[in-house]
Amino acid sequence: MERAITRTKWFFHPIFIFIFSIVALAMSLVLYIYWYMEVSAGLKEVARKFNLDHGQLLASETWVVILILSILVGIILVGIFIIFVYNQKIIQLYRLQHNFINNFTHELKTPVTSLKLYLETFMKHEFSRDDQLTYLDYMVQDVGRLSENINRILNLARIESKIYGEEFVVADLVATVEQFITNNDHLFPNCEINIHNSSGRSFAYRINLSLFEMLLMNLITNGVKYNESEKPSIDITFKLYHRRLHIRFKDNGIGIEKTEFKKIFKKFYQSGQADDMTARGSGLGLHLVQNIARIHKGKVVAQSKGRGKGSVFTVMLPFKS
Amino acid sequence: MKNIEKKRVLVIEDENHIAEGLKLNLALQGYDVIIAPDGVSGLNQWKKWQPDLIILDIMLPGIDGFSVLQSIRLEDEQVPILILSAKSASDDKVKGLSYGVDDYLAKPFNLEELLLRVERLLTHASWYRKNGDPSEIEPFSLAKTYTFGGNRIDFELSVAYCKCGEICLTEQEVRLLKLFVANKGKPISRSKLLGIGWGYTGSMTTRTVDNFIVRFRKYFEDDPKKPIYFKSLRSVGYIFDHDSN
């Protein structure tokens, strides 16, 4: 698709059309004024010939006409500019969405392919109970992966339409994170997760538990997923700065380029390049994280010293000590 | 038609469940199967094990499937390759076919269909093999020699005839030259060159590529400082081009 856009003839390019219409408009303004002057000069001539009172005929309205013309042209210009900006935004969104469909197709099709493969195999052959159990276990995992993907889309829709379901409750954040990690230990095998809280105190905060867990899940799975170290590790640090509570998620993964610090939070954005297939996943995870942080009146910031040097995601929440 | 020796099938697929399922079914059909979970190990297995057929996924970590395909086709035009990909757009199919894939199946696929296609591809391949010594068949669709400017490369003998006389080319130089010739006039990024030419991935020194280019320029360019055949493209990579003679 993207290639199709760049391949269209240059004179169909939106920037060219934009410049062309502005030039055309400016030229028409000059011509309007020029013709108006011409015509009024002609009229003046006629008035003089027939000895009419030209104050009555023309008054000194020339500047008024020019002013009105300029204002109208100005309004049209602003209109064109707004349409141009909107158009650019829509193209960008369209590209991101295309990206999303590409990536998410893969995420949805993979478990379906696996399920279909095993079901057809079961129809074709008979297996011992042990073998059956192995393959059935694969299928259960695939169903889990599929429902996880479906949930991610539904969650996004819920968050965007501002229906959170559960109420907000006051909970200790350190305990919540600890609890979350013990409960979901099986999802992060071979990964070392440590929690550091040098102050030793608890941080009570009003959270929506299911949303907050979604935020933790996304940040931690990212740390594990985008990680090429032999032993992935994630350090979660709680620290109070002035009136802000910082929760740092530091991993030893593949890191992030400086130019991508902000982009990665965009909806459907995927780091990596689509053409060499390094872009994977839905492009929704961090967008969700940012939205959830905002719902909790905070924000998320990404930092990294570059490719291969790990990355740090900091959740900042307003906190009065 | 009975073959005592089992046919070998290499499955290059990163999704463990799908790979295991394919292995199970292909083994039940009487094939010998090895799984490679990424492009690099896929290329290694292909070199070491000499499979009779390759089933290839496109979205692979490290080197993607299309690069694996190109890399294999630089050396072996014959081994049947079947792409199994979640990308089902006809653009992707055309891309695969233009790189020399024999068959393309979209995921989710029908098991019976896959098995029949695999069998058919293997039968076809065995016909070619019977029709004569495989070494007689041109292993690469390019001509055996290639001429540009005042230079001539003989891919078969690994010799280049250029301004400084006769040069024996290393195996790696021949691979890289074939890749440039096959992509004449099209820019190739350094990482692509590394991926297809060497089977490397990641941030491993793309300088290696630069060193080879320096050498090629010394061999083939009239003025290595002002190259006309092996040109650099800023922040893209390299492009090989010349007027057709």
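The values are calculated or read from the model by the stated rules, or taken from the named source; none is laboratory data. Quick caveat: nothing in here was measured; it's all calculated off a predicted structure. Neighbour counts are summed over all protein chains in view; Cβ atoms, including those assigned to glycine, are modelled from backbone coordinates with ideal geometry.
Numbers for the structure displayed
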quantity	calculated
Residue satisfying all of: in the range B:8-46; in a loop (DSSP other than H, G, I, E, B) and over 20 Å from B:L122 (Cα atoms); nearest to the other protein chains (Cβ to nearest Cβ) among these	B:E15
Evaluation of A:E167 against (1) outside any loop (DSSP other than H, G, I, E, B); (2) under 18 Å from A:I295 (Cα atoms) (one fails), failing number	(1)
Near pairs, Cβ below 7 angstrom, 6+ apart or cross-chain, from the range A:110-125 (at the interface with chain B (Cβ under 7 Å from one of its Cβ atoms)) to any residue that is surrounded by 19 or more Cβ atoms within 10 Å (Cβ to Cβ) and of a type in the set (D, E, K, R)	A:T110/B:E15; A:T113/B:K107; A:S114/A:D142; A:S114/B:E15
Only listed residue being closer than 20 Å to B:L74 by Cβ and touching a Pro at 6+ places or on another chain (Cβ under 8 Å), chosen from B:I188, B:I239, B:I196	B:I239
A:A157 vs. criteria among the aliphatic types (A, V, I, L, M) and closer than 23 Å to A:E107 by Cα	yes
Among the candidates A:N208, A:N227, residue that is within 14 Å of chain B (Cβ to nearest Cβ) and under 26 Å from the mean Cα position of the chain (by Cα)	A:N227
Tabulated pairs, the range A:145-172, first modelled with pLDDT under 75, second hydroxyl-bearing (S, T, Y), C-beta under 6 angstrom, 6+ apart or interchain	A:E166/A:S210
Test set (1) at pLDDT 90 or above; (2) within 29 Å of A:I163 (Cα to Cα) - A:G223 fails condition number	(1)
Boolean, A:R145 is part of a helix (DSSP H, G or I) and either touching a strand residue (DSSP E or B) at 6+ places or on another chain (Cβ under 6 Å) or at the interface with chain B (Cβ under 10 Å from one of its Cβ atoms) (or both)	yes
Residues of the range A:85-107 satisfying the condition of being crowded, with 17+ Cβ neighbours inside 10 Å and either more than 17 Å from B:E13 (Cβ to Cβ) or at pLDDT 90 or above (or both)	A:N99, A:F100, A:N102, A:N103, A:F104
Count of the range B:71-110 residues which are within 23 Å of B:S191 (Cα to Cα), modelled with pLDDT of 85 or more and assigned to a loop (DSSP other than H, G, I, E, B)	3
Close pairs (7 angstrom Cβ cut-off, 6 or more residues apart or separate chains): under 12 Å from A:F203 (Cα atoms) in the range A:228-246, at pLDDT 90 or above and among the β-branched types (V, I, T) anywhere	A:F238/A:V174; A:F238/A:I247; A:H246/A:T314
Test: B:V68 is among the β-branched types (V, I, T), modelled with pLDDT of 85 or more, over 30 Å from B:S191 (Cα atoms) and part of a helix (DSSP H, G or I)	no
Where A:R158 falls short, out of the listed (1) buried (at least 18 other Cβ atoms within 10 Å of the Cβ); (2) out of contact with any His (no Cβ under 8 Å at 6 or more places or on another chain)	(1)
Selection within the range A:127-164 - of a type in the set (V, I, T) and over 18 Å from A:N291 (Cβ atoms)	A:T134, A:V140, A:V143, A:I150
Selection count where residues are part of a strand (DSSP E or B) and in contact with a Ser or Thr (Cβ under 9 Å, 6 or more places away or on another chain), scope the range B:47-62	1
Selection count, the range A:126-142, where residues are of a type outside the set (D, E) and at the interface with chain B (Cβ under 8 Å from one of its Cβ atoms)	3
In the range B:208-226, the residues that are surrounded by 18 or more Cβ atoms within 10 Å (Cβ to Cβ) and either free of Cβ contacts under 8 Å to residues at least 24 places away in the same chain or within 24 Å of the chain's Cα centre (by Cα) (or both)	B:V209, B:F212, B:I213, B:F216, B:R217, B:E221
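Conditions (1) touching a residue at least 60 places away in the same chain (Cβ under 8 Å); (2) out of contact with any Lys or Arg (no Cβ under 6 Å at 6 or more places or on another chain); (3) within 14 Å of chain A (Cβ to nearest Cβ), marked per residue:
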site	(1), (2), (3)
B:E156	no, no, no
B:V159	no, yes, no
B:T170	no, yes, no
B:R175	yes, yes, no
B:K178	yes, yes, no
B:G185	no, yes, no
B:L194	no, yes, yes
